[in-house]
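This report concerns only the one structure given below.
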Amino acid sequence: MSRPWEIRIYEDGKLAHTAEISGPMELGRQAASDELLYATTFVSGLRRLVVTAEKSVSRQQALVEPLEGGRCQITNLSNNRSINLLDTSGTLGPGAKRILEAETLLGFGRTTAIRLQPLGTARFLECSLVDESLYKSLPEDAEADGPGHSFFGTTAFPSLSAAANLDSEMRDVDRWVKAAMDVLESAANSADFYEKAARALVELAKLHSAWVLFYENGQWRQQARYTSPRVGSSATKDFSQTVLKLVREKKRTFWQLPHAPSEKMESLTGVDAFVAAPILNRQWEVIGALCGNRQGVGLGIVDSIDEVEANFVQLLARCIAAGLARLEQEEAALKAQVQFANFFSPELSRQLAVQPDLLNVRDSEVTLLFCDIRGFSRISERLGAARTVDWISDVMDAISNCVRAEAGVLVDYVGDETFAMWGAPEEQPDHAERACRAALAMLEQLPILNERWQAELKEPLDLGIGINTGIARVGNVGSKHKFKYGPLGNTVNMASRVQGATKHAKCKLLITGATQAKLGSDFLSRRLCQVRVFNIAQPFDLYQLVPSGSPDWPEAKTMYEAALVEFENRRFSQAARLLGNWRMQHGADAPALLLLHRTVQAMVEEKPDFDPVWTLPGK
C-alpha cells in the first residue's frame, strides 16, 4: 500500500497551504477566475489542487502519485513549461517523470515553491524544551541557576518533584511531556499545531476551554479554540481581558480561582478558574497567549488550577513559540533559496544559503550575455495581452533553461530581453565558453519555439544575442528593499551594445574580441569588423559566432576575413572582387553583403581620412 505524502505550498517564502496526497493529484495554475486558489476539486475523476495564480505555470503543470514503498512519482504534464528542482540538480522538462525517494523542493514559476514530503516527516529545529536563546529570564530569576528556573521562572517544575511521587501523577507528567513534544513537532508538519495545543490543554489538563490568541494592532485575535464536549454550548465565549492585560504587561503566566469576583475583576465573572501563558518571540515580546479555563457555573464545584497545571500551560506556550521560531527560520531559508533559485543553479543556490558572503560586492572577470526577442512590440500587439504573457513566458523559459544548463546567473529580465552572467559569484575558469554554449543552445531552441508559435505569430521568431568578457563590479546592485544580484561597469554596457549591434550586422549572435580570445578551437567564429558603439569611445573587434554544421564553413570564414583585411588596408577593389564572387555563389551570407556595401561606399566616397572602424548608427 502506498504511503500518503504531504504537499506544502510556499508563496514568496511564506507557508500558504498544506494538503495530504493519498492518491494521484494534479497540480496547476488557476484555470479560470472562479477557480479558487489552493482549492481541491475533482476534474474527470482526478483530484486537482490549484497551487498558484502565476502565469508562467501551466494550468495542468504536474501529476503527483504516491507509490509503493513510501516513494512518490511526479510527472510534468506541461507541453512547454519546466519544473525547477530547487534542492536537486536541473529541471524536470515537459513530459518528464521522476521518482522521489525523500522530500523534494520544487519551483513553480518565479514566486511559488512546493515541498513534497512523506507524511509525518519531522523537520524541526534540534532544540531542547529549555531554549534560552528564545527567552529572557524574568526579573525574579536573576539568581536562579537551575535549568527549570531559567526556562519557567519562579513557577518552575520543582513542584513536579512532589507530584512525581505518585504513579498516577507520574503518568500525567509523562502524557504532558509527550503532548508538548507533539505540539513542537507538529509545527513542522501541519498547519493545525495551534489547534493541537488547545486540544492538549483541554484533554490533558482537564480544562473546559482553551484558546490560542495573537496580539495584532492593539487587538487580540483568536487563532484557535477547543472546547470540551463535556461543556458544549455552555462554554465561556470570551477570555478575560484582565488576564490578557496582565500577561502582556508582566510577560508571565497567571492563574487564579476567583471564588467571589471583586468589583475590580468584573470581567472574570462566570470563570471559576483561569490560566494564561505568554507566547514570546525572539525579541522577548508578547505576540500571543495560550489560555484556558475551568468553568463552574452550572457544573458544581470544580478543582482549582494549581502550579503544576500552570507549568503545563506555560510549557505548551513555549512549544508554540519554539515552533513559530522554527517556521520563521524555515520560511526565511526557503525564501532565500527560492530567491537564489531565480538567479542561480540549484547547486549554487544551496551553496549560497550557507555561504552568503559569496554575494559580497567585488571585482570579478565575468562573461555577460544579453538576448533580445526580435519584433516583440509588433508581435505583442497582434497577440493581445493574455497570449503575449503565455508566449513571452514560454520563450523566456526556454532561454533561461539554456542559461541554467551552463550554470549561469539569470541577472534580470528587462521587457523582452534576458541578461545573464558567468564567472560570479562562483569562479568559473571557462565562463566565456559556458556563455557561448548557452547562446548557441538558445539558437537551437528557435525551430522548436517556431513550431509551437508560428501559426499565431504569423512570422518566424528570431533572437539577437550579444556577449562580452571583462572585469565588472559584481554584487547586490539592487537595494536593501529589493535584492538584485548582478554586475555594473563598462563591461556590462559593452555587452548590451553588442546585442544591439546584431541588428546592424545582420547576425543572430555576436561576441567581442575579449570573449573570442578565451574560446577553444571547437567554436566556429569569424572576425566581422571593428566597431565604435554609442557612449563607448574605444573601438573593439566584433566576431560572429555560428553553430557547428553551419553551411559553407570554413570557406565563409576564410573568404570574409581575407576581404576584411583588404578593406581595412584600403584595397577596396580586391575586397569587392572577393565579396562579389562569394555573393554570386552564396547569396545568403548577410554580413558579406554588408561588408560589400561598405566597400563600394568607400570606393565612391574616396575619403582621404578613411576610417575602417564602423561607427554604428544606433544602440
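Count, please, the residues in the range 31-74 that happen to be under 25 Å from the mean Cα position of the chain (by Cα) and either farther than 21 Å from G93 by Cα or aliphatic (A, V, I, L, M) (or both). Final tally of qualifying residues: 18. Out of all the residues in the range 90-105, is one or more crowded, with 17+ Cβ neighbours inside 10 Å and small (G, A, S)? No, the range 90-105 contains no residue that is crowded, with 17+ Cβ neighbours inside 10 Å and small (G, A, S).
Are any residues in the range 1-47 modelled with pLDDT of 80 or more, in contact with a helix residue (DSSP H, G or I) (Cβ under 9 Å, 6 or more places away or on another chain) and on the phi > 0 side of the Ramachandran plot, and if so, which ones? The answer is none; no residue qualifies.
For the residues A576, A590, the requirement of being among the small types (G, A, S) and surrounded by 14 or more Cβ atoms within 10 Å (Cβ to Cβ) singles out A576.
Scanning the range 197-255 for residues that are touching a helix residue (DSSP H, G or I) at 6+ places or on another chain (Cβ under 6 Å), among the β-branched types (V, I, T) and modelled with pLDDT of 85 or more gives V212, T253. Of the strands (runs of 3 or more DSSP E) contained entirely in the range 1-115, those carrying at least 1 residues that are aromatic (F, W, Y) and closer than 30 Å to V403 by Cα fall at 5-11, 104-108. Checked against (1) buried (at least 17 other Cβ atoms within 10 Å of the Cβ); (2) part of a strand (DSSP E or B); (3) out of contact with any strand residue (DSSP E or B) (no Cβ under 6 Å at 6 or more places or on another chain), V411 passes all but a single condition, namely (3). Return the residue satisfying two criteria in turn: it lies in the range 314-371 and is assigned to a loop (DSSP other than H, G, I, E, B) and modelled with pLDDT of 75 or more, and of such residues it is surrounded by the fewest Cβ atoms within 10 Å (Cβ to Cβ). Looking at residues that are assigned to a loop (DSSP other than H, G, I, E, B) and modelled with pLDDT of 75 or more, I get N360.
Can you tell me how many residues within the range 414-428 are within 18 Å of L443 (Cβ to Cβ) and assigned to a strand (DSSP E or B)? Residues in the range 414-428 being within 18 Å of L443 (Cβ to Cβ) and assigned to a strand (DSSP E or B): 5 in total.
Of A501, A592, all but one fail to be assigned by TED's automatic domain parsing to the domain that holds L368, touching a residue at least 24 places away in the same chain (Cβ under 8 Å) and not in a loop (DSSP other than H, G, I, E, B); the exception is A501.
From the set of residues in the range 436-467 that are outside any helix (DSSP H, G or I) and under 29 Å from the mean Cα position of the chain (by Cα), which is nearest to A398 (Cα to Cα)? Applying the filter and picking the extreme gives L463. E561 falls short of the stated requirement of being charged (D, E, K, R), out of contact with any Ser or Thr (no Cβ under 6 Å at 6 or more places or on another chain) and without any contact (Cβ under 8 Å) to a residue 24 or more places away in the chain.
The number of residues in the range 595-619 being of a type outside the set (S, T, N, Q), within 17 Å of P539 (Cα to Cα) and touching a residue at least 60 places away in the same chain (Cβ under 8 Å) comes to 7.
The values are calculated or read from the model by the stated rules, or taken from the named source; none is laboratory data. Only a predicted model underlies this, so the values are computations on that prediction, with no experimental measurement involved. Cβ atoms come from the backbone with ideal geometry, glycine included; neighbour counts cover every protein chain shown.
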